[in-house]
Amino acid sequence: MAENFVLQLLHHADFEGNTNALEDAPRLAALFDHFDDTYVGNTLKLSAGDNWIPSPWYNSQQPEETALVAALQDAYETHFGLSEGTLSALTVSPGVIDQAILNLIGIDASTLGNHDFDQGDTAVARIIGMSLDEQATTLDASAITNLGTLFPYLSTNLDFSGSEALSGMFSSAALPIEDMSIRLNDVQALDNASGIESLASQARIAPATTVEVDGELIGIVGATTQRLAAISSPVRSASPVRATTTWRCWRNKSKPMWMRSWPLTPA
């Protein structure tokens, strides 16, 4: 590691929004941008989970809210530099706007909090997974109904093997962050069939990830409260997600600096 290497962590917990979410989001984004400019290229933006919670705001995110749907489409098209109407099939469902806000703020990685499971594992999959219009005749950007998360979710102590909704999104191995993210340079992949299929099949959840910052390899490990089943609803479906007290450890030849930045105490 370089003798004078500086790493800035911009960390937030409990993003979960309520009726004031749309007013608070620009203020929070401005703070992230301000501090990010302090160490350009040497900043990681992390979330401790609880990124959404059932509430009037969560429940108001419905496809019938045409103004909200239009705003979501416009925000993502602007973010990726796409022409107006490119993401015409994007729609809204509870929690999707909460996820979009974090995507646009530029969060690099998040753990899964207890409130993220309040509506069960199927809701988590619906929010963070990329979905496509099954009736679309052409597989391009106009077939994407939900972009899902643009960054990885991390938890080293959740067992997804029993979850039909999430097991296919989970990698048991720690993956490089670029293999679990949709970045601005992926914009070309959003407009062709093979690129979309590749992005849609990416793992969205892993125990840990690695990212290179200013030439240094950084490891990020996530963890979720062991009391998940007692304080949330990961077993709402017939395919539960189970929290364990087991932590996985990794070693590789590149020897990244591993960081665990999230407490295990529930909110």
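The values are calculated or read from the model by the stated rules, or taken from the named source; none is laboratory data. Nothing here was measured: the structure is a model prediction, and the numbers come from that model. Reconstructed Cβ throughout: ideal geometry from the backbone, glycine too, with neighbour counts over all protein chains shown.
Among residues of segment 191-218 that are at pLDDT 90 or above, those with a beta-carbon under 6 Å from a residue that is of a type in the set (D, E, K, R) at least six positions away or on a different chain give the pairs P207/R248. Which residue is surrounded by the fewest Cβ atoms within 10 Å (Cβ to Cβ), if the candidates are limited to segment 116-130 and must be under 21 Å from D179 (Cα atoms) and touching a residue at least 40 places away in the same chain (Cβ under 8 Å)? Once the filter is applied, the top-ranked residue is G129.
Counting the residues of segment 101-118 that are over 18 Å from F32 (Cα atoms) and assigned to a loop (DSSP other than H, G, I, E, B) gives 4.
Each residue in segment 15-56 was checked for being among the hydrophobic types (A, V, I, L, M, F, W, C), closer than 15 Å to N103 by Cα and not in a loop (DSSP other than H, G, I, E, B), and 9 pass.
The listed residues are T149, T156, and the only one of them that is touching a residue at least 60 places away in the same chain (Cβ under 8 Å) and hydroxyl-bearing (S, T, Y) turns out to be T156.
Hey, can you tell me all the residues within segment 165-193 that are of a type in the set (G, A, S) and either under 20 Å from G81 (Cα atoms) or surrounded by 15 or more Cβ atoms within 10 Å (Cβ to Cβ) (or both)?
Of everything in segment 165-193, those that are of a type in the set (G, A, S) and either under 20 Å from G81 (Cα atoms) or surrounded by 15 or more Cβ atoms within 10 Å (Cβ to Cβ) (or both) turn out to be A165, S167, S171, A174, S181, A189, A193.
If you go through segment 57-84 and pick out every residue that is closer than 25 Å to V187 by Cα, assigned to a loop (DSSP other than H, G, I, E, B) and without any contact (Cβ under 8 Å) to a residue 24 or more places away in the chain, you end up with 2.
Where residues in segment 71-88 are more than 20 Å from the chain's Cα centre (by Cα) and surrounded by fewer than 18 Cβ atoms within 10 Å (Cβ to Cβ), which of them is nearest to A143 (Cα to Cα)? By that ranking, first place goes to S88.
To keep it simple, each residue is scored yes or no on (1) closer than 22 Å to L217 by Cβ; (2) at pLDDT 90 or above; (3) touching a helix residue (DSSP H, G or I) at 6+ places or on another chain (Cβ under 8 Å); (4) of a type in the set (S, T, Y).
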{"position": "L7", "(1), (2), (3), (4)": "yes, yes, no, no"}
{"position": "L10", "(1), (2), (3), (4)": "yes, yes, yes, no"}
{"position": "A13", "(1), (2), (3), (4)": "no, no, no, no"}
{"position": "A25", "(1), (2), (3), (4)": "no, no, yes, no"}
{"position": "Y39", "(1), (2), (3), (4)": "yes, no, no, yes"}
{"position": "L46", "(1), (2), (3), (4)": "yes, yes, no, no"}
